[in-house]
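S.K.: Before we start, here is the structure in question, set down as structure tokens.
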Amino acid sequence: MDDAAGPHEAPSAALDGLLVATATGDRDAFSRFYDQTAPRVFGLVRRILVDAAQAEEVTQDVFLEAWQTAARYDPARGPAAAWLLTLAHRRAVDRVRASQAARDRDLRTGIRDLAVPVDDVAEAAEIAAEHERVAGALGQLSPAQRECLGLAYYQGLTQSEIATRLDLPLGTVKTRLRDGMIRLRDLLGVTT
């Protein structure tokens with residue numbers, strides 16, 4: 001056995017040979033390959049996933065994929081252990097991403113489905129009070145400003161349409177609207 005390998009680890013060339021034999025359907029070779037690499041694969045996956053149960057599932061998936069795709073392994077491109085650990089790393093990261101996506105989806109759904117309680121009575125009272133404030137402020141405008149603002153905001157007319165309807169120059173309408181809005185802002189205590 002190679003001095004660089006640990007007590008339960010096969011030398012790289014031996015693992016390469018076992019994976020090549022696995023590609024031909026050799027179950028015994030795969031069994032030995034599994035025995036010699038499973039602790040490293042599980043350790044890598046466990047570090048990424050933290051949860052032992054998920055790490056066991058992903059490790060099982062990795063070895064299933066290794067069995068099914070062993071023919072894709074090319075010893076000229078690198079050692080079998082690196083190929084296997086790359087599969088394991090990808091599977092573990094995919095599991096983390098899938099779990100995060102599921103949590104995000106659940107959170108979005110939970111927020112969407114969360115009914116926000118509304119106090120209809122308080123809201124109606126607040127709207128009524130605000131309406132009274134605005135009506136009182138409108139009563140303090142000049143009749144010409146009040147008329148232009150009423151046509152603009154309650155009837156939805158443009159400045160040109162107001163000028164035509166009231167038979168006034170457009171500049172006069174613009175001035176009345178601007179002055180009326182400034183006065184309303186001051187009366188209602190709105191800050192800009």
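The values are calculated or read from the model by the stated rules, or taken from the named source; none is laboratory data. All values reported here derive from a predicted model rather than from experimental measurement. For neighbour counting, all protein chains shown are included, and Cβ atoms are generated from backbone atoms with ideal geometry for every residue, glycine included.
S.K.: Report, by residue number, each residue of the range 171-183 that is more than 43 Å from the chain's Cα centre (by Cα) and touching a residue at least 12 places away in the same chain (Cβ under 8 Å).
M.R.: Val173, Lys174, Arg176, Leu177, Asp179, Gly180, Arg183, listed by residue number.
S.K.: Which of the residues spanning the range 73-102 are free of Cβ contacts under 8 Å to residues at least 40 places away in the same chain, farther than 14 Å from Thr37 by Cα and not polar (S, T, N, Q)?
M.R.: Result: Asp74, Ala76, Arg77, Gly78, Arg90, Asp94, Arg97, Ala98, Ala101, Ala102.
S.K.: Quick one: count up the residues across the range 64-101 that are basic (Lys, Arg) and within 20 Å of Val50 (Cα to Cα).
M.R.: Total meeting the criteria: 4.
S.K.: Within the set of pairs 6+ apart or on separate chains, which have a first residue in the range 136-147 that is assigned by TED's automatic domain parsing to the domain that holds Gly171, a second that is buried (at least 16 other Cβ atoms within 10 Å of the Cβ) and of a type in the set (Lys, Arg), and C-beta atoms under 6 Å apart?
M.R.: Sorted first by the residue in the range 136-147, then by its partner, the pairs are Leu138/Arg146; Leu141/Arg183; Ala144/Arg176; Gln145/Arg176.
S.K.: If Leu168 passes every condition in (1) more than 50 Å from the chain's Cα centre (by Cα); (2) in a helix (DSSP H, G or I) but one, which one does it miss?
M.R.: (2)
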